[in-house]
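Trainee: First the structure, which I've put down as structure tokens, then a few questions once you've had a look.
The values are calculated or read from the model by the stated rules, or taken from the named source; none is laboratory data. Just so we're clear, the structure is a prediction, and the values are computed from it rather than from any experiment. Cβ coordinates were reconstructed from backbone atoms using ideal geometry, including for glycine residues, and neighbour counts include every protein chain displayed. The area values use the complete protein model at the heavy-atom level, side chains included, leaving out ligands, DNA and RNA. Shrake-Rupley method; radii C 1.70, N 1.55, O 1.52, S 1.80 Å.
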Amino acid sequence: MLDKNIKDQLTTIFGNLKSDIVLRVMDNGHSAEGKEMRDFIDDVASTSSCLSVEETVGDVAAPTFEIIKEGVPTGVKFCGIPNGHEFTTLLLAILNADGQGKNLPDDALTARIKSLKGPVKLRTFVSLTCTNCPDVAQALNVIALLNPEVENTVIDGGVVPQTVESLGIQSVPTVYAGDKVLSVGRSTLGDLLEKLEASYGVAESGEVEPVTREYDVVVLGGGPAGVAAAIYIARKGLDVAVVAKSVGGQVKETMEIENLISVPETTGPKLAADLKEHLGHYSIDVFENRTVDSVDVSGTEKVLVCGKETFKAKAAVIATGAAWRKLSVPGESEHLGHGVAFCTHCDGPFYAGKRVAVVGGGNSGIEAAIDLAGICTHVDVFEFMDSLKADGVLQEKAKSMGNIDIHLSAQVEEIEGDGKSVSGIKVKDRVSGSETVYPVSGVFVQIGLVANSSLFRDKLPMTPAGEIMVDGRCRTSVKGVYAAGDVTDVPYKQIVVAMGEGAKAALSLFEDWMRGELV
């Protein structure tokens with residue numbers, strides 16, 4: 001089932017395995033699907049003497065296998081063959097079970113995971129074409145591997161269509177904890193752990209001890225701006241830490257990048273991986289999966305608090321980026337993951353053969369419409385202004401497709417549905433004042449970004465849109481505090497611009513440092 005080149009690569013990847021790892025296949029009987037999974041698992045196991053296969057009959061909805069280390073179940077299972085983007089999830093699960101892998105969390109996060117109360121039974125529904133699913137599946141697998149009270153089954157929704165339909169799943173990844181939805185859409189290990197802690201609690205005996213970490217500079221945010229700032233600061237010889245939910249940030253949700261100068265083509269996930277690799281070339285401490293609870297930038301020492309961790313530094317660079325802006329209309333929140341979505345690459349296949357709406361006429365909106373038009377019967381694009389903001393080449397492409405209608409001066413007023421699925425979108429014509437309900441099954445929101453600046457409200461001057469105001473050198477109004485990228489009022493939210501702004505913030509900081517203004 002796996003070709004020779006892939007097997008050769010796996011032989012190299014699993015070359016340092018030390019533990020006895022069994023891949024136990026479970027099936028209801030001798031089905032064709034079960035045989036296909038057995039062939040797949042046999043091929044994987046053939047690449048290392050530390051891997052072996054067992055087969056058993058079990059009460060499972062579709063062929064499933066679990067990972068067993070030294071005779072003890074790890075809590076990690078896969079329902080369906082993890083091909084596509086989830087193939088990496090399988091490889092990491094095996095490596096992680098052996099105690100290997102760069103995705104394993106640091107000591108502070110590991111302690112939190114181990115203190116999580118159980119039992120916790122998770123089901124992570126994924127699509128093999130989804131680019132956001134692996135991050136969630138891999139994070140939950142790590143939690144299961146580190147905490148014996150947690151079990152996670154990564155489920156290919158395509159092999160259990162009746163289950164997907166009965167649960168009303170229309171967005172991936174969707175994570176169930178028991179019979180309740182824990183998470184829908186892209187999420188980090190830190191976000192997922194916080195949700196599990198809130199739902200299940202933490203054992204008192206396992207509470208994490210407070211720790212204070214001191215640096216010359218703390219960079220808040222791991223996107224293009226934050227990474228550029230950290231690298232430039234490290235190159236100047238200053239002690240720097242990056243505190244972020246994830247390295248890459250919002251860029252991970254962009255699949256096609258063709259305007260990063262000198263890199264003709266790349267993808268968001270690839271760029272995020274490259275950013276992380278570049279950070280590793282320098283003496284930079286990276287603290288991922290952190291949520292900052294509070295900040296104090298009023299004194300000469302800047303303080304960030306993340307749970308039991310406190311970061312102190314003489315200077316701080318804010319590069320927290322931006323997040324998808326929501327419509328904030330009736331029916332939107334009720335249908336998130338059930339007809340309202342943001343990522344066409346992940347959730348578009350759920351609407352194949354159906355009529356859908358895209359809200360937003362910028363580049364992301366028109367790109368989404370073009371993408372959806374290839375699988376949906378009809379796409380309605382609604383733009384609030386009286387003209388599209390997208391690049392001309394995208395507009396021409398959309399107009400050339402016979403199943404895209406563009407509605408200008410269109411104000412979305414409501415998402416209609418029953419909470420389990422969307423039935424329509426109510427739109428007001430801003431010119432005539434008339435209202436129309438368009439019968440759509442899905443609504444993809446593409447109306448731009450909102451700055452992630454709430455932590456600094458009332459601490460730093462901002463624009464009415466919530467963007468942190470900076471001068472031409474990325475300085476804020478507070479000495480020792482700099483800001484760069486999409487979180488600021490710098491125009492043009494582009495990756496290449498964010499990188500340049502991050503470098504500029506670092507150079508400005510170093511200039512102030514050399515003048516003795518920050519010490």
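Trainee: Considering Lys420, Lys389, Lys428, which residue is of a type in the set (D, E, K, R), open to solvent by 10 Å² or more (accessible area, probe 1.4 Å) and over 23 Å from Leu336 (Cα atoms)? Can you show your working first?
Mentor: On the way: Lys420 fails: over 23 Å from Leu336 (Cα atoms); Lys428 fails: over 23 Å from Leu336 (Cα atoms).
One residue alone meets the criteria, Lys389.
Trainee: Report, by residue number, each residue of segment 287-315 that is part of a strand (DSSP E or B) and either within 16 Å of Ala483 (Cα to Cα) or of a type in the set (Lys, Arg) (or both).
Mentor: Those that are part of a strand (DSSP E or B) and either within 16 Å of Ala483 (Cα to Cα) or of a type in the set (Lys, Arg) (or both): Val295, Asp296, Lys302, Val303, Leu304, Lys312, Ala313, Lys314, Ala315.
Trainee: Would you pick out the residues in segment 316-336 that are closer than 17 Å to Val227 by Cβ and not in a loop (DSSP other than H, G, I, E, B)?
Mentor: Selection gives Ala316, Val317, Ile318, Ala322.
Trainee: Which residue, of Ala61, Ala144, is assigned to a helix (DSSP H, G or I) and either surrounded by 22 or more Cβ atoms within 10 Å (Cβ to Cβ) or not polar (S, T, N, Q) (or both)?
Mentor: Ala144
Trainee: Which one of the conditions (1) more than 30 Å from Lys308 (Cα to Cα); (2) in contact with a Phe, Trp or Tyr (Cβ under 9 Å, 6 or more places away or on another chain); (3) open to solvent by less than 50 Å² (accessible area, probe 1.4 Å) does Asn83 fail to meet, given that it meets all the rest?
Mentor: (3)
Trainee: When segment 1-48 is examined, which residues are found to be assigned to a loop (DSSP other than H, G, I, E, B) and touching a Ser or Thr at 6+ places or on another chain (Cβ under 6 Å)?
Mentor: Phe14, Leu17, Thr47
Trainee: Check Lys69 against each of (1) open to solvent by 20 Å² or more (accessible area, probe 1.4 Å); (2) in contact with a His (Cβ under 9 Å, 6 or more places away or on another chain) and name the one condition it does not meet.
Mentor: It is condition (2) that Lys69 fails.
Trainee: Also, quick follow-up: Name the single residue that is most open to solvent (accessible area, probe 1.4 Å) among those in segment 340-373 being over 17 Å from Gly157 (Cβ atoms) and part of a loop (DSSP other than H, G, I, E, B).
Mentor: Among residues in segment 340-373 that are over 17 Å from Gly157 (Cβ atoms) and part of a loop (DSSP other than H, G, I, E, B), the one most open to solvent (accessible area, probe 1.4 Å) is Phe342.
Trainee: Exactly one condition in (1) buried (at least 22 other Cβ atoms within 10 Å of the Cβ); (2) under 25 Å from Val292 (Cα atoms); (3) of a type outside the set (A, V, I, L, M) is not met by Lys195; state its number.
Mentor: (1)
Trainee: Could you please give the count of residues in segment 253-265 that are of a type outside the set (D, E, K, R) and either within 21 Å of Gly348 (Cα to Cα) or open to solvent by 100 Å² or more (accessible area, probe 1.4 Å) (or both)? Explain how you work it out, then say what you get.
Mentor: At the first step, the residues of segment 253-265 found to be of a type outside the set (D, E, K, R) are 254-255, 257, 259-264.
Narrowing the set further to residues that are either within 21 Å of Gly348 (Cα to Cα) or open to solvent by 100 Å² or more (accessible area, probe 1.4 Å) (or both) leaves 254-255, 257, 261-262, 264.
Residues that pass the stated criteria total 6.
Trainee: Output the number of residues of segment 285-339 satisfying the condition of being of a type in the set (A, V, I, L, M) and open to solvent by 20 Å² or more (accessible area, probe 1.4 Å).
Mentor: Looking only at that region, the number is 8.
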